[in-house]
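Let me begin by presenting the structure, written as structure tokens, before commenting on it.
The values are calculated or read from the model by the stated rules, or taken from the named source; none is laboratory data. Predicted model, so just to flag it, every value in this text is computed and none were measured. Here Cβ is always computed from backbone atoms with ideal geometry, including for glycine, and neighbour counts include all displayed protein chains. The accessibility values were calculated without ligands, DNA or RNA, using every heavy atom of the protein model including side chains. Shrake-Rupley method; radii C 1.70, N 1.55, O 1.52, S 1.80 Å.
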Amino acid sequence: MQENPELKTWQQLSSAQQAQVRAIRISAEQIEFAGCGAKQLEAVENHTSDQLVGLAILDGQTAVGFLVLKRGSTLPPWAPLGAALISGMRIDSAQQGRGLGSAALVLLQAWVKRHWRDCDELLLTVDEENHGGIKAYRRTGFAEIGKPEPGRIGLVRTMRLVL
């Protein structure tokens, strides 16, 4: 792994890197948790405001992961307006276990502070059965808020990191 993975917006990626993002594969179980990558990319490509951004996780020049970040008008009703919400984070199955997801979460904090100065916290929801995700989020400073709530496929935890 490169010592310092990098985050780049969808628009900053080369066409080859965009193709790498499209080729990211995760397990069927992880698709249950993170949702369909094609739908995420469609939302990123069709959104015209600065309220939603797609961020690729690069290891060198190779895109190994992707996430969507939302704020303002794109937030769900339960999220406060000063929040940035991480949605559908995924790391390619072949790249998992190398610390890239955790490194990306740390980089994301700096990215939000620099580019979305109006956001003072990061939020995410994680399915209760996504033990690996919960562990990574806790390791990078996220803490659970509230009680688990019913979600799309089971109980969902909401986690927060104050910036």
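Backbone phi angles across the stretch 53-60, fed through the Karplus curve with coefficients 6.51, -1.76 and 1.60 (θ = phi - 60°), yield HN-Hα couplings of 9, x, 10, 8, 9, 9, 10, x Hz in residue order; Gly and Pro are listed as x.
For the chain, what does the accessible surface come to per residue with a 1.4 Å probe? Please give it in Å². Please list the in-between numbers first.
Details: 8570 Å² over 163 residues.
Spelled out: the 1.4 Å probe surface of the chain, per residue, equals 53 Å².
The heavy atoms of TRP78 offer some 130 square angstrom of accessible surface to a 1.4 angstrom probe.
Estimated at 0.36 nm per residue, the fully extended path between GLU121 and SER73 surpasses their Cα-Cα distance by 15.7 nm. Taking every DSSP beta bridge that has both ends in the chain, the antiparallel portion is near 90%.
Once you have a ≥ b ≥ c as the square roots of the Cα gyration tensor eigenvalues for the stretch 74-135, tell me rounded if a/c is under 1.5, and otherwise prolate or oblate according to whether a/b is larger than b/c. The shape class here is oblate. Sequence-distant contacts, meaning Cα pairs under 8 Å at least 6 residues apart, place the relative contact order of the stretch 1-142 at 26 percent.
Convex hull of alpha carbon positions in the chain: directionally averaged projected area 8.8 nm². Legend: distances between Cα atoms for LYS39/LYS113; LYS8/LYS113; LYS39/LYS70; LYS70/LYS113; pairs beyond 25 Å are LYS39/LYS113. Protein heavy-atom surface of the stretch 87-156, 1.4 angstrom probe: 50% of the accessible area is carbon and sulfur, with nucleic acids and ligands not counted. Note on the chain: helix-only mean residue ellipticity at 222 nm, from DSSP H runs of 4+ residues weighted -39500 (n - 2.57) and normalised by residue number, equals -9000 deg cm²/dmol. For the pair SER27 and ARG138, label points projected 7 Å from Cα toward Cβ lie 1.9 nm apart.
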